[in-house]
Ligand SMILES: [Zn+2]
Ligand SMILES: [Zn+2]
């Protein structure tokens, strides 16, 4: 299994996952022109993607979904709640999934898990390659880690987790108090400290890559996020790579198994390896 973060942050999110048989995206929060450029960095033609799994209806996750799915023939996988918020998807080939369920797309078994976020039936996604057995968890846009999310992070090979803000930077940053309250609230976004805790809890022998996603440009930066989460993972004896995703550049491939090198990772730490 190989995973690329094509971009992640409040201006757009898209993650490419592939095995020998199947390619999917999780979210398509960029215009098709941008998606095509970022996919080209990964050496992937947009037409070769089978489906886009949509986590929720916020613009930074769906901006390109309708036009890209129409243009390149992608199937959309989402909850009924997400679909309800996107009336212009009526014509698209869609697989509706309950919030806590599983769906098969090609080689991938997709497990959906409800998350706590201010959207209509938002989900996290655990992607398992049925041929290779590799597992990647994509968990972002959530205010806190519930018991069911925590359980879903068991036995992953790759964890992509939200590390949205540094609590101190949010407090002293440019956002008005009401927006700050929404971000740090139960239905908002995970802080670096929350990410550190969740990532440390999910450590097991096969987890060799953790990627910090959805970093705020105002209330965080990659070094701060890697510092906070890295300290915690070091204490928890994590052995693997910790990488920060970027808003405007592609990070990957992050590979399970042989050749775990990352070709384009501007900022990463190698811990205990
Ligand atoms: Zn988002
Ligand atoms: Zn959101």
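Remarks
- Considered as a group, the residues in segment 158-167 that are in a loop (DSSP other than H, G, I, E, B) and within 16 Å of ligand 2 (Cβ to nearest atom) include one that is nearest to residue 4 (Cα to Cα), and that residue is 163.
- Of the numbered criteria (1) within 16 Å of ligand 2 (Cβ to nearest atom); (2) surrounded by fewer than 16 Cβ atoms within 10 Å (Cβ to Cβ); (3) part of a strand (DSSP E or B), the one residue 11 fails is (3).
- Filter result for residue 170 (closer than 24 Å to residue 60 by Cβ, away from ligand 2 (no atom under 15 Å from the Cβ), modelled with pLDDT of 95 or more and assigned to a helix (DSSP H, G or I)): yes
- Inside segment 195-229, residues that are outside any loop (DSSP other than H, G, I, E, B), away from ligand 1 (no atom under 16 Å from the Cβ) and over 14 Å from the mean Cα position of the chain (by Cα) make up a count of 12.
- Among the candidates 128, 146, 97, residue that is closer than 15 Å to residue 76 by Cα and more than 13 Å from ligand 2 (Cβ to nearest atom): 97
- Any chance residue 67 is touching a helix residue (DSSP H, G or I) at 6+ places or on another chain (Cβ under 7 Å) and away from ligand 1 (no atom under 16 Å from the Cβ): yes
- Flag if residue 124 is within 30 Å of residue 257 (Cα to Cα) and within 16 Å of ligand 1 (Cβ to nearest atom): yes
- Each residue in segment 43-64 was checked for being under 18 Å from residue 11 (Cβ atoms), out of contact with any helix residue (DSSP H, G or I) (no Cβ under 8 Å at 6 or more places or on another chain) and in contact (Cβ under 8 Å) with a residue 60 or more places away in the chain, and 2 pass.
- Subset of segment 52-70 that is under 14 Å from residue 88 (Cβ atoms) and more than 15 Å from ligand 2 (Cβ to nearest atom) - its residue that is farthest from the chain's Cα centre (by Cα): 70
- Segment 7-30, residues that are away from ligand 1 (no atom under 16 Å from the Cβ) and in contact with a helix residue (DSSP H, G or I) (Cβ under 8 Å, 6 or more places away or on another chain): 16, 23
- In segment 44-64, the residues that are touching a strand residue (DSSP E or B) at 6+ places or on another chain (Cβ under 8 Å) and more than 16 Å from ligand 1 (Cβ to nearest atom): 44, 48, 49, 50, 51
- Residue, surrounded by the most Cβ atoms within 10 Å (Cβ to Cβ), within segment 160-187, restricted to residues that are in contact with a strand residue (DSSP E or B) (Cβ under 9 Å, 6 or more places away or on another chain) and under 25 Å from residue 25 (Cα atoms): 163
- Here segment 178-194 is the region considered, the condition is being over 22 Å from residue 114 (Cβ atoms) and away from ligand 2 (no atom under 14 Å from the Cβ), and the residue that is farthest from the chain's Cα centre (by Cα) is 178.
- Screening residue 120 with (1) within 14 Å of ligand 2 (Cβ to nearest atom); (2) within 14 Å of the chain's Cα centre (by Cα) gives one miss only, at (2).
The values are calculated or read from the model by the stated rules, or taken from the named source; none is laboratory data. Remember, predicted model here, so these are calculated numbers, not experimental data. Positions of Cβ are generated from backbone atoms using ideal geometry, with glycine treated the same way; all protein chains shown enter the neighbour counts.
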